[in-house]
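The values are calculated or read from the model by the stated rules, or taken from the named source; none is laboratory data. No experiment lies behind these values; they were computed from the predicted model shown. Using ideal geometry, Cβ is built from the backbone for each residue, glycine included, and neighbour counts are taken over all protein chains shown.
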Amino acid sequence: MKFVLFAALLFSQLTLCAQNVYPTHWWTGMKNNKLQLMIHSTKNIAVDKLVFSSGSPDVKVLKVHRLANRHYILVDLEIAKNAKPQKVKFSFGGIIRNEWTYFDYELKARNRENGISRVQGVSAKDLVYLIMPDRFSNADPSNDFYPDMRDHGHDRNNPFDRHGGDLKGVENKLDYLQELGATSIWMTPVVENDMARTMEGGTSRATYHGYAFTNQYQVDKRLGGNSAYHSLISAAHKKGMKIIQDAVYNHLGKDHFLIRDLPDSSWLNRWPSYTNTSYKDQPLVDPYASAIDTRTALDGWFTPFLADINQRNPFVSTFLIQYAVWATEEFGIDGWRVDTYFYSDPVFLNKVNEALYREFPKLTVFGEAWVQSVTNSAYFCENNMAVPFKHNSQGVTDFPLYFAMNDLLNQPYGWNEGANKLYQVLAQDVLYKNPMRNCIFLDNHDLDRFYSVIGEDFAKYKMAINILLTQRGIPQLYYGSEILMKNYKNPSDAEVRRDFPGGWEGDKEDKFTAAGRNAQENEAFSYVKAVAGFRKTSSAIGSGKLMQYLPKDGVYTYFRYDATQTVMVISHTGTQPFKPDWNYLAERTAGFTKLRNVVTGEIIAMTSLELKPRESFVFEMLK
Ligand SMILES: [Ca+2]
Ligand SMILES: [Ca+2]
C-alpha cells in the first residue's frame, strides 16, 4: 500500500488548502491523545475505495468516517504520547481512480505555561470588564470592512452596522482598564461572522455583536484576525490581566460553512416548519414538563438566521469540543463565558466542560443562564440539589442576583421588596456548590444600562457600584458604566451598545481621559477606581465569607470577612436617618471601634455613623 501511495504521489493532481482541515493544527502532549480531523473539500472526496494514510509513525489513523455529503470526511487519529512536534504528511485517495491528495498537518509543542501566565482562570478576586469590541475603540480603520466578506456595511451613524472597533483598539486601552481597576476582559465573540445582513425586527442588520459564527478557527478579520487576538492576549497577560472568551455552542450563523454545505441532515435540529425556541428555561428543570415544551426550548431555533445545531450527533459534539480545546490552547485564554447555555444539549455541555477541565485545570467556565429563579440558576451549574441531571459548569451569569440588585436600587422597601429581595435571593445560595464562581452584574449588552434604570441618580450609582464590587461572586462591569453611559434597549438593543466616546479618531469627546470627561463622569470613574482598587487588595472580598443581616428600616448591611480583614457594606434604601445598632451587629463588629471609608480614606468612630437615605458605604473595620 505504501508503494502504491508513493507511486501515486508522483502523479498526484491535488493539494488541499490548510484552511479546509479542522482543527487547523493541533498539539503534542495533550492529555486526550485522540483527534478527529474534519476535511472539507469543494468537490466530492474519493467516492471509490477510500484510503487515508499517515506519514508519521507517531500518528495512527483509527477510522475514516464518510458522511452523506461527500464533500466531507472525518478521520479519527491517535497521537503517540511521546510524539515530538512535527508536520505530519497525510494523504488520501481512492485506489481505483488512483487520485491522491496530500497535505501537511502541524502538531505543535504544547505550551507549558498552563495556569501560570496563561489559562489562569478567573475568580472573585477579579473585576471583569465586558466589551463589545466593534463598539469600543477603532485602532485600525484599514480593517473596518473587506470587499470579499458578505457584509461590507460600516457606518457609525447606523446603529445596526459595524462601527469599526477592533482588538488593537482594546489592546491600546489596557492601561485605561488597568487604571480603572479591571483585571479581566470579557469580549462579546471575536470569532468570524462572515454573515450576509439579516432582517431582524424589520431592519437590515449586521451581526456586529459576533454571535453568528461562520468559522470558529478564524477570529474576524474586521477585529484584526487571529494575530490581533494573540497580540491582545499577550499584552493583557504581560500586565497581569486575563481574557475571557465568549463561546457559542448552541447555534451557527446561517452562512457558516457547515450550514451552507451541511455534512448531513442530522447536524441540525430540524422541524417540519420553522420553530423558534420558546426562550423558556423552566421546562428544562420542571419535573412536570411536557416533552414538547422541553424539546421546543432546546431544539427550537434562537432566530431564523442562527441554525440550532444537534449536539447529540457525536461528530457535531466532537467538532465543538475540539474547537473549545483548540482555542484555549492556541490563545491561552483564562476563561469561557458560554452563551445561551441552557439551549444546548446538557450531556454535550458537560462533555465540553470535562474536556476543557481535563486539559486546563485552572480554566474558568460560566454559562449564560438568563433565568428567573435561584433554583433554575443553580440547576445550570454545579449545585447541591438532588436533581436527575447534574450540570458541571462552575458558575452562571447570575440573573437572579441581577434582578435582586435592581430591586434593591429601584423598588420601595417592603416586606418582600427592595432590599429584602436581595437578601432573599442570597439566602438561597445554599443551592449552589460555589456561588463565589458566579459572574455578577448590574447590566450587560443585552440589558438596559443600569444608570438609566436607576434614574441617573448618582447616590444610587455609588450604592450599585458598592454592592457589585463587594458582593459574593465575580463582578462584571459593562463598558462605559464608569463614565455613566446610559440608555434603554429602546427601540433596540443597539442603544445600549453605543460607541465609547473617544474610541474613534476625530471623536469630539475622549472619555478615556480625565480631561475629556465632565466632573460627574470623573467622579464616577474615580468612584469605581477607588472601590475596585480596594477590592484588588482585599482578601475579605476576594476569598472571604459573607454574612448578611436582615434588612431593617430599608437599610441593608452585610460583611465580607476572613481571619485578617472585615469589610462592612451598608446601603440605605429607606426614608429616615439611620444609626446602626452595633450590639445587634456584634457578631461581626465586636472588637472593632473605627470604620475606614475605602473610597475617601476617612476614618470615623463606629458610634458616629449615621446614614441619610440613599447613602451607601464600604468600610474596612479597624480596631
Ligand atoms: Ca477597525
Ligand atoms: Ca439548541
Check on residue 181, on the phi > 0 side of the Ramachandran plot and touching a residue at least 40 places away in the same chain (Cβ under 8 Å): yes
Whichever residue in the stretch 542-564 is of a type outside the set (A, V, I, L, M), under 32 Å from the mean Cα position of the chain (by Cα) and in a strand (DSSP E or B) and, among such residues, is nearest to residue 426 (Cα to Cα): 548
Residue within the stretch 59-71 that is within 24 Å of residue 261 (Cα to Cα), modelled with pLDDT of 85 or more and among the polar types (S, T, N, Q) present: yes
Checklist (1) crowded, with 22+ Cβ neighbours inside 10 Å; (2) touching a strand residue (DSSP E or B) at 6+ places or on another chain (Cβ under 8 Å) applied to residue 200, failing item: (1)
Test for residue 171: is it surrounded by 19 or more Cβ atoms within 10 Å (Cβ to Cβ), away from ligand 2 (no atom under 16 Å from the Cβ), over 16 Å from the mean Cα position of the chain (by Cα) and under 17 Å from residue 235 (Cα atoms): yes
Among the candidates 362, 390, residue that is among the basic types (Lys, Arg) and under 18 Å from the mean Cα position of the chain (by Cα): 362
Restricting the stretch 1-42 to residues that are at pLDDT below 95 and of a type in the set (Phe, Trp, Tyr), the residue that is nearest to residue 260 (Cα to Cα): 11
Check on residue 348, surrounded by fewer than 21 Cβ atoms within 10 Å (Cβ to Cβ) and either more than 16 Å from ligand 1 (Cβ to nearest atom) or in the same structural domain as residue 21 (by TED's automatic domain parsing) (or both): no
Out of 521, 509, sole residue that is within 30 Å of residue 141 (Cβ to Cβ) and touching a Pro at 6+ places or on another chain (Cβ under 8 Å): 509
Test set (1) assigned to a helix (DSSP H, G or I); (2) free of Cβ contacts under 8 Å to residues at least 60 places away in the same chain; (3) crowded, with 22+ Cβ neighbours inside 10 Å - residue 283 fails condition number: (3)
The one condition in (1) modelled with pLDDT under 95; (2) in contact with a Cys (Cβ under 7 Å, 6 or more places away or on another chain) that residue 491 fails to fulfil: (2)
Failed criterion for residue 295 (all others in (1) in contact (Cβ under 8 Å) with a residue 12 or more places away in the chain; (2) within 11 Å of ligand 2 (Cβ to nearest atom); (3) not hydrophobic (A, V, I, L, M, F, W, C) hold): (1)
Helices (runs of 4 or more DSSP H) contained in the stretch 157-275 and holding at least 2 residues within 16 Å of ligand 1 (Cβ to nearest atom): 167-172, 225-238
Considering residues of the stretch 99-150 that are within 16 Å of ligand 1 (Cβ to nearest atom) and outside any loop (DSSP other than H, G, I, E, B) only, the residue surrounded by the fewest Cβ atoms within 10 Å (Cβ to Cβ): 142
Residue within the stretch 565-581 that is among the aromatic types (Phe, Trp, Tyr) and under 22 Å from residue 180 (Cβ atoms) present: no
